[in-house]
Each structure stands twice: as C-alpha cells, then as structure tokens.
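Undergrad: If you scroll down you'll find the structure; I have some questions about it.
Values in this text are rule-based calculations from the coordinates and carry no lab data. Keep in mind that this is a model prediction, so the values were computed, not measured. Glycine also receives a Cβ, built like all others from the backbone with ideal geometry; neighbour counts cover every protein chain displayed.
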Amino acid sequence: MLKRRLFTPGPVPVPDRVRLAMAAPILHHRQADFLPLFETCREGLRRIFQTEEPVLILASSGTGAMEAAVSNVLSPGDHALVVRGGKFGERWAEICEAYGVRTTCLDVTWGEAVDPDAVRVALEASPDIRAVYLQASETSTAACHPVREVAEAVRAVPGERLVVVDAITAVGVYDLPMDAWGLDIVVSGSQKAFMLPPGLAFLGLSERARHFASSASSPRYYFDLEKELKNQPKDQTAYTPAVTLLVGLAEALRIILDEEGLEATWARTESLAHATREAMLAMGLRLLAPNAPSPACTAVYVPDGIDGPALRKVLRDELGVNVADGQGALKGKIFRVAHLGFYDRFDAVSAVAAVDMALGRLGWSGGRGLGVARATELLGERS
C-alpha cells in the first residue's frame with residue numbers, strides 16, 4: 001500500500017470536513033439560502049486580507065484575478081513597473097503586455113528580494129508609471145519581497161499610482177495587512193492557504209483602485225470588477241459562482257479564523273517552514289532563497305550528481321510524496337516543498353524523511369538522517 005501525500009504549493013491537501021461540506025446538496029445561487037453563505041465568505045475574506053475594503057470573489061484561478069488587476073485599472077498605453085524575480089513576476093509582465101500596457105521590468109535575481117530603493121529610482125526615472133506590480137511570495141523561487149517597504153517607496157515618489165500585489169501564496173500564510181500597508185490591489189486563490197481545490201480567486205480593492213477602474217478603458221467582459229462591485233455587496237455575483245467551492249470556503253474560514261486563529265495559522269506555517277529549511281541545511285543541501293525565504297514553501301537545489309526528474313519520480317512513485325518542480329530556468333534544478341494550508345509538524349517531518357530516503361535510493365550519501373533529526377528537534381519544541 002502506498003499512501004499519497006501532496007506537498008506542492010497549490011493545490012494543497014483539503015481537510016476532510018471541508019470536503020464533506022462540499023458534498024452537501026448544491027444551493028442555487030439566485031435564491032435566499034445562498035445569501036448568508038456568500039456574506040460569510042465575503043466577511044471572512046476581509047478579515048484574512050486585513051481590510052475594510054471589498055474583497056471580490058471570482059470563479060477562476062489566481063491568474064484570472066491577476067488579469068483583472070491589470071485590465072480593470074489600466075488602459076492601453078499606460079505605463080506599469082513590474083518587479084520580475086520569478087515565473088510569476090514574468091506573468092505580471094505578460095498580462096500587461098497582452099493589454100497593451102507599456103511595461104518597465106525591474107529584474108531581480110531569482111531567489112532574491114527586490115530592493116525597495118530600486119523601485120523608488122525606477123519611479124523617479126519614469127514619473128508616468130501608474131501602477132507597480134509585484135509578488136509578495138514568489139512561489140517559483142520560494143522568496144519573499146518586502147511589500148511594506150516597496151509600498152512606502154512608491155508613496156514617497158510624487159504622483160498617483162497603484163501598488164498591486166500577487167499574494168496568492170501570502171494571504172493566510174503570514175502577516176500582510178492590506179489597509180495598514182496601503183496596498184491597492186491584493187489577489188489570492190483558493191488552492192493555497194485557504195485549503196480548497198482550485199477554482200476561486202480573490203481580489204481586495206482599495207478606494208484608489210476603484211477610482212482607477214472607473215476610467216480604465218482596457219477591454220473586459222467576464223473579469224469586469226465594476227459589475228462585481230455592484231453585485232457582491234448584495235451577496236450576489238454578476239455570473240454563476242462556484243457554489244460548491246464557496247461552501248468549502250465558508251468551512252475553511254471557520255477553521256482558520258474561529259478555531260485556529262489567524263495569528264496562530266501564521267505561526268504554524270512559519271514554524272514548519274523554518275524547520276524544513278533547517279533540516280535541508282542539516283542534510284547538506286542548498287536553499288534557493290536563503291536570504292528572503294517565504295513561509296509558503298521551501299525551494300531546495302537538487303544536489304550535484306542527482307537527476308532532478310529522477311528524484312521527483314522516486315518521491316512520487318516509490319514513496320507516494322509529490323513535491324513541486326522548478327519552473328522556467330529552474331526546471332529540474334530545484335524541488336519545492338509546501339507549508340501553507342493544511343499541514344502540521346508530522347507532515348513536515350514526513351517530507352524531510354521522504355527527501356532523505358529518495359536521495360539515498362539514488363546513491364546520495366551526504367547528511368543522511370540529519371535532516372529528520374533537526375526537524376524533529378525544532379518541531380518538538382513547539383507547543
């Protein structure tokens with residue numbers, strides 16, 4: 001018997017009680033019993049986003065929310081600054097270009113964090129920039145960007161512009177207060193810290209972002225946030241919502257907000273990430289983002305002499321453990337282990353043990369057993 005374990009940074013495992021909630025008879029989204037469900041979801045999302053502003057819900061992947069965060073606030077010919085430090089930073093630039101937005105890319109070495117001062121310099125050099133796009137947690141490299149400091153740098157330069165953050169693997173993972181940091185658009189997705197299957201995207205929108213949306217002329221139909229802003233405060237959606245996923249979202253929000261607590265969720269995630277990083281180092285492995293690590297996942301270089309695809313194949317087919325490959329130029333060179341969402345300390349120890357066992361089966365002999373010992377030591381200290 002081989003028990004399957006999922007350690008990818010989206011999708012993540014779904015708690016049994018969330019899956020059972022989604023197995024209930026489906027609601028009709030235009031009838032009265034849907035309204036309290038949608039209200040519960042909207043209000044819970046505002047708590048997790050730490051905002052008094054509306055958080056819209058779309059039936060799409062997180063990329064749909066990213067696209068909406070471009071098409072709804074910028075017009076063709078507008079100028080945007082994109083922090084490009086990984087696969088998803090590249091995605092911001094690709095979306096901007098698809099909508100005819102002039103794009104200046106601030107390139108950052110993969111695995112490193114952007115320098116907020118470099119953002120300020122770029123804005124001073126191009127004062128017509130109307131929006132700055134960046135990741136909070138760049139999932140492809142397991143690196144965090146200093147969002148608060150970037151937002152402060154943006155506000156320090158005269159002019160009215162938006163700070164738009166892909167927080168798909170940051171919201172619900174660590175403290176990222178939308179209002180307190182002055183963020184204009186924050187996007188996330190269901191298959192990450194929210195412990196759901198893919199299919200829901202979330203967008204927090206500041207008053208400034210809503211003002212930009214009122215004059216933007218990029219084409220849009222389904223991803224028209226002004227339509228959603230008219231409907232969702234009434235606990236309705238412009239188009240058919242993913243009702244079953246919303247039922248699951250309400251249950252997941254109860255777990256996060258009312259049972260574990262948001263701060264405890266952040267602390268648990270960070271403890272798993274810290275223990276995993278320390279375990280990998282104890283084994284003699286190298287981390288991709290040692291100076292700016294994200295709690296969402298850990299990116300580890302495949303050791304010299306080991307084939308990356310072979311390592312993941314042993315993990316998946318022989319040990320039942322799925323980890324994520326690298327993306328773009330890192331494909332086959334790293335593996336990524338997730339910590340966000342429905343994971344506990346025994347999951348983290350299991351992931352470390354699986355990597356140790358898989359490397360051993362492929363003939364690697366460095367640091368065997370040391371990672372498990374280190375993870376167990378660190379996680380055993382957590383109450």
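Undergrad: Taking every pair of distinct Cα atoms and averaging 1/r, then inverting, what Kirkwood hydrodynamic radius in Å comes out for the stretch 163-252?
TA: With all distinct Cα pairs of the stretch 163-252 included, I get 14.4 Å.
Undergrad: Please list, in order along the stretch 98-109, the HN-Hα scalar couplings obtained from phi with the Karplus expression 6.51 cos²θ - 1.76 cosθ + 1.60 (θ = phi - 60°), rounded to whole Hz, x for Gly and Pro.
TA: 5, 9, x, 7, 5, 10, 9, 9, 9, 7, 10, 3
Undergrad: Hey, could you get me the Stokes-Einstein D for the stretch 297-383, Kirkwood radius over alpha-carbon pairs, 25 °C and 0.890 mPa s, rounded to whole µm² s⁻¹? Don't jump to the answer; show the numbers that get you there.
TA: Details: Rh = 13.4 Å.
Answer from the Stokes-Einstein relation: 183 µm²/s.
Undergrad: Calculate the dipole size of the chain relative to its Cα centre from +1 charges on Lys and Arg beta carbons and -1 charges on Asp and Glu beta carbons; express the result in debye to the nearest 20.
TA: Values: 40 positive and 47 negative charges, 209 e Å.
The dipole of the chain has a size of about 1000 debye.
Undergrad: I want to check the label-to-label distance for residue 179 and residue 121. Put each point 7 Å from Cα in the C-beta direction and report it in nm to one decimal.
TA: Going by the 7 Å Cα→Cβ label model, 3.6 nm.
Undergrad: I've got another one for you. State the answer as a single residue: which of 150, 121, 168 lies farthest towards the positive end of the charge dipole of the chain, with beta carbon charges of +1 for Lys and Arg and -1 for Asp and Glu, about the Cα centre.
TA: 168
Undergrad: Right, here's the next one. Take the alpha-carbon positions of the stretch 16-258, form their convex hull, and give its projected area averaged over all directions (one quarter of the hull surface) in nm².
TA: If I average the Cα hull's projected area over directions, I get 12.1 nm².
Undergrad: Then there's this: Using a Förster distance of 35 angstrom, determine the FRET efficiency expected from the C-beta separation of residue 267 and residue 318, and round it to 0.05.
TA: In this case the efficiency is close to 0.55.
Undergrad: Another one. Relative contact order for the chain: what percent, with Cα pairs under 8 Å and sequence separation of 6 or more?
TA: 23
Undergrad: Using 0.36 nm times the number of residues separating residue 291 and residue 214, minus their current alpha carbon distance, what extension gain do you get?
TA: Here the segment from residue 291 to residue 214 would lengthen by 23.7 nm.
Undergrad: Ignoring everything except DSSP H segments at least 4 long, calculate the 222 nm mean residue ellipticity for the chain; use -39,500 (n - 2.57) per segment, divide by total residues, nearest 500.
TA: -11500 deg cm²/dmol
Undergrad: OK, next. Where the centroid of each part is defined by its Cα atoms, how far is the stretch 246-287 from the stretch 59-102 in Å?
TA: That distance is 28 Å.
Undergrad: What residue among 87, 333, 234 shows peak mean-square fluctuation when the chain is described by a Gaussian network model with Cα springs under 10 Å?
TA: Highest fluctuation of the listed residues: 234.
Undergrad: Of the options 330, 217, 296, report the single residue whose Cα projects farthest towards the positive end of the charge dipole of the chain (beta-carbon charges: Lys, Arg +1; Asp, Glu -1).
TA: Of the options given, the answer is 330.
Undergrad: May I pose another question? So for the stretch 220-339, considering every pair of alpha-carbon atoms, how many percent are separated by more than 18 Å?
TA: Every Cα pair in the stretch 220-339 considered, those over 18 Å come to 68 percent.
Undergrad: To the nearest whole percent, what portion of all C-alpha pairs in the stretch 1-146 is separated by more than 23 angstrom?
TA: Taking all Cα-Cα pairs of the stretch 1-146, the fraction more than 23 Å apart is 53 percent.
Undergrad: Which Cα, out of 12, 177, 74, lies furthest along the positive dipole direction of the chain (beta carbon charges, K/R +1, D/E -1)?
TA: Towards the positive end, the residue furthest out is 12.
Undergrad: Taking 8 Å as the Cα distance limit and 6 or more residues as the minimum spacing, I'd like the relative contact order of the stretch 212-297 as a percentage.
TA: Computed over the stretch 212-297, the figure is 16 percent.
Undergrad: So which lysines pass the test for residue 331, namely a Cα distance under 23 Å, with those fewer than 8 places away in the same chain ruled out?
TA: Here the lysines satisfying the reach criterion relative to residue 331 are 87, 192, 313.
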